[in-house]
Amino acid sequence: MEKQFHESGWSIAIETPQGVVGLWSSWLNDHFYLGYPKKISFWIAALSKEVVIMIANRFAAKFPSPPEKVLDFYQSRHLLTGLEEAVFVELLHQNDVPMPLFRDGLLIPDRLIMDTLGVELALPVSHLNQFSETVESRLWAKFYGARVEGDKGRVWICHSDHYSNSHHFNVVSSNSSEGLESVYYGHSYSSGISTYPFSFWNKVAPDGPTAEPEVIQTYRDKFLALICKIASIMRGANAVNINYGFVLEPEQLSQLGYGNVEWLKGQSGVRNGWGDELIRGEKTFGDGKETVILTSGNSLVPWITIRRLPCEKNLTAEKLIEMLIF
């Protein structure tokens with residue numbers, strides 16, 4: 001199989017001592033999303049599993065339709081992570097749980113984003129309200145780049161704890177019998193930095209957002225550099241997980257030098273559905289070990305390939321680009 005550079009449609013999950021930082025690239029080349037743990041994640045990590053389960057279940061019991069079963073630790077953590085900070089703090093107070101210590105290592109400064117992406121703090125710009133047909137001022141996001149040649153808008157960059165979509169970043173786990181874990185980022189479950197996902201520029205609003213692929217893709221290497229810098233703030237990279245989408249099939253693993261090939265779920269020749277089959281293989285990568293996971297997809301994308309690659313603590317965009325060649 002000839003190696004190729006995977007330009008888009010991938011997601012990257014970098015493991016660090018303080019959690020996972022992820023970067024997603026749209027198949028359409030028109031959007032990037034970078035997610036990392038929000039403050040509540042660190043508060044929750046400082047609590048015992050028993051306390052997390054206790055306060056989450058007490059909170060869930062007050063829902064109009066409370067859960068039928070007791071929430072386990074992972075369900076409890078997920079529920080609490082999505083809360084607003086003020087709600088979480090009040091929940092601790094109600095349950096007589098002392099406020100956990102928080103290290104502010106993930107307070108990503110505006111200057112880091114601006115310098116790395118080449119953007120500036122945005123100002124309100126002209127916008128044509130199509131309902132009233134009046135020209136108004138609107139602030140689309142926190143930052144924007146230079147106006148595109150031909151007055152065709154700007155790339156606007158959002159940075160907040162709320163995102164209208166969600167992404168599952170795959171992490172290959174040697175400790176899990178299933179071999180693959182999913183980190184859920186987006187909505188209110190993480191902090192995120194992303195390009196504005198739609199185009200709203202026109203003659204009246206030459207500074208409105210653009211999501212044109214050829215423009216958005218000029219920010220690809222900048223986002224790769226930004227994820228590396230955030231990983232550094234999170235005490236350095238331990239490993240890189242890349243979901244390439246459709247790349248390999250099970251029969252190719254041994255041909256490409258992967259050993260210890262094992263079916264963790266399912267069996268050869270039997271297909272049940274999305275994620276019901278899982279295969280793991282290993283081989284040497286540099287001075288370490290690479291792990292590859294194939295998980296079943298659908299009729300259009302039969303198998304999805306995820307690789308876990310060892311890396312140096314001070315990861316660079318150039319190294320990530322090399323890893324996207326597969």
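The values are calculated or read from the model by the stated rules, or taken from the named source; none is laboratory data. Just so it is clear, the model here is predicted, and its values are computed rather than measured. Neighbour counts are summed over all protein chains in view; Cβ atoms, including those assigned to glycine, are modelled from backbone coordinates with ideal geometry.
Take the residues in region 280-305 that are part of a strand (DSSP E or B) and among the small types (Gly, Ala, Ser), then tell me which one is farthest from Asn243 (Cα to Cα).
If we take residues in region 280-305 being part of a strand (DSSP E or B) and among the small types (Gly, Ala, Ser), then Gly288 is farthest from Asn243 (Cα to Cα).
Could you list, in sequence order, all residues of region 107-155 that are touching a Leu at 6+ places or on another chain (Cβ under 9 Å), farther than 21 Å from Val21 by Cα and of a type in the set (Phe, Trp, Tyr)?
Correct list: Tyr144 only.
If we keep just the residues of region 60-74 that are at pLDDT 95 or above and either assigned to a helix (DSSP H, G or I) or aliphatic (A, V, I, L, M) (or both), which is farthest from the chain's Cα centre (by Cα)?
Only one residue fits best here, namely Ala61.
Please determine, by comparing only the residues of region 7-59 that are assigned to a loop (DSSP other than H, G, I, E, B) and on the phi > 0 side of the Ramachandran plot, which one is surrounded by the most Cβ atoms within 10 Å (Cβ to Cβ).
For region 7-59, the residue satisfying everything is Asn29.
Cβ-Cβ under 8 Å, sequence separation 6+ or interchain: first residue in region 144-163 and in contact (Cβ under 8 Å) with a residue 24 or more places away in the chain and under 18 Å from Thr218 (Cβ atoms), partner assigned to a loop (DSSP other than H, G, I, E, B) and among the basic types (Lys, Arg). Which pairs?
Asp151/Lys203; Gly153/Arg147; Arg154/Arg147; Ile157/Lys142; Cys158/Lys142
How many of the residues making up region 184-221 are buried (at least 18 other Cβ atoms within 10 Å of the Cβ) and closer than 14 Å to Gly145 by Cβ?
14
Out of everything in region 125-182 that is among the aliphatic types (A, V, I, L, M) and in a strand (DSSP E or B), what residue ends up being surrounded by the most Cβ atoms within 10 Å (Cβ to Cβ)?
Ile157
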